[in-house]
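Only the coordinates and a few stated rules stand behind these numbers; no lab work does. In this text the structure is predicted, and so the values were computed from the model without any measurement. Cβ placement follows ideal geometry from the backbone for every residue including glycine, while neighbour counts extend to all protein chains displayed.
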Ligand code: LLP
């Protein structure tokens, strides 16, 4: 998919770059991002919304992969940006991302983070709870500002997804509950706070969702709520944000729809619900993360040791693992992979891909069919663009890999590989420990 193909030498090629050459030049493990595919996804979203005729913003959920190069692409593709911490906000600002297109999320924004965002004049705060309503109003007041807000509501829609990443049901740490009246109270309160300008509501029902029904149900609930609030409180919403969650295909079992179909289902449902209620059509915002970058990322590893347990299994270890991709260990996520340097050879053995961390759970893929694997071979694991680099760690003091963006035969570093000095960069030995005993 994307610009990936097998070249004449039997090597995997992405963005016109032979990955064996990338391994040579940049080392492994290496995250490779197919820039054309990221841009294609961004355009699919923007064009699908444009076709709906509604006003919209497509905010890339930068938590999926927040690096300055990615923010630069989001800017060029006319996306907005969703950030959830001072770190993501800082990344966006340093990349020159326009502040008025930044939305700040999170269930526990600190006063420092809120002040930083107020000073940057970001476009919108997505307020999660009553404490934050008061805090934001107070901090904005101290700066004599009035800021745009959305209220995150929990619509009580449960999307089909892995339970660890469901956020839409009632028992959730996020948002104002629609069912028990707290969303209603929050709207009333927001409407009365002088330093907040209430634009509307936000709902995020989960992640890696394949069906449109969950989104349609969320729109139904949100529209019903909007009408109630208009009729009873005389407050109108000009923006409805439906969050992210659009699925991608990691393995055969995954059956996502094309972006255009999710967008059409959502926009149709907005039009129907709001027009039927005689409501001025609101602007519609979404926040895709995974579907913007997930399938554009490939992780390239070098095969090292293996352990064959006759009649049981063969373990093949690569030079990365749960430090660069914690998703299999955390969520039992499945990935597909190939031998990137012998990509057109027949599949001959079933192996399980182990990482190099000192932990039995550090397995990347179970039971993968490969050609006969040798030490030094390159393994390419697909669909690692989202929540991989973003969730990478230095466990075992392993260095985070480099990230390269490839396009039209050109490969450029977007994040340098960490050095050993980066690893100890923040370490300090307290003076008393250096005293002779
Ligand atoms: N908006 C909000 C408010 C969110 O909480 C999320 C994801 C998104 C947008 C983007 O959702 P996406 O389009 O990427 O599904 N670490 C997990 C995923 C956690 C998602 C958290 N929220 C994973 O690796 O699967």
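Computed from the C-beta positions of residue 235 and residue 268 and an R0 of 30 Å, the FRET efficiency is 0.75 to the nearest 0.05.
For the range 1-157, the Kirkwood hydrodynamic radius comes to 17.9 Å, computed from all pairs of different C-alpha atoms.
According to the Cα-based calculation, Rg over Rh for the range 36-293 is 0.94, with Rh computed by the Kirkwood formula. In this simple spin-label model, placing a label point 7 Å from the Cα along the Cα-to-Cβ direction at both residue 110 and residue 158 gives a separation of 3.6 nm.
Between residue 369 and residue 394, the modelled labels are 4.2 nm apart [label points 7 Å from Cα along Cα→Cβ]. Extension gain for residue 345-residue 422 works out to 23.8 nm (0.36 nm per residue, less the C-alpha to C-alpha distance). Compute the acute angle (0 to 90°) between the alpha-carbon long axis of helix 259-276 and the principal axis of greatest extent of the alpha-carbon atoms of the chain; round to the nearest 10°. Helix 259-276 and the main axis of the chain meet at about 10 degrees. Under a Gaussian network description of the chain, with springs only between Cα atoms under 10 Å, the residue in 419, 306, 182 that fluctuates furthest is 419. By other beta-carbon atoms within 10 Å, ranking 78, 112, 362 with the fewest at the front produces 112, 78, 362.
Each label point was placed 7 Å from the Cα along the Cα-to-Cβ direction; for residue 331 and residue 43 their separation is 2.8 nm.
Computed over the chain, relative contact order equals 19 percent, with contacts defined as Cα pairs under 8 Å that lie 6+ residues apart.
So for the range 36-293, averaging the separation of alpha carbon pairs under 8 Å that are six or more residues apart and normalising by length, what relative contact order in percent results? Each step should come with its number before you reach the end.
Values: 520 pairs, mean separation 54.5, N = 258.
With pairs under 8 Å counted, the relative contact order is 21 percent.
Taking the chain as a Gaussian network of alpha-carbon nodes connected by springs under 10 Å, the highest mean-square fluctuation of the residues 205, 423, 270 belongs to 423.
Of the peptides 19-25, 228-234, the order by per-residue mean of other Cβ atoms within 10 Å, starting with the highest, comes out as 19-25, 228-234.
Counting only Cα atoms, the chain measures 70, 64, 42 Å along its principal axes, largest extent leading. Among 41, 342, the order by Cβ neighbours within 10 angstrom, fewest to most, reads 342, 41. For the residues 122, 14, 424, a GNM of the chain with alpha-carbon springs under 10 Å puts the largest fluctuation on 424.
I want to make sure I understand the PRE zone here: with the label point 7 angstrom from the Cα of residue 283 toward its beta carbon, which residues in the range 183-198 have backbone N atoms less than 17 Å away? Zone members listed by number: 196-198.
With an 8 Å Cα cut-off and a minimum separation of 6 or more residues, compute the relative contact order for the range 175-320 in percent.
Numbers: 187 pairs, mean separation 31.9, N = 146.
Relative contact order for the range 175-320 comes out at 22 percent.
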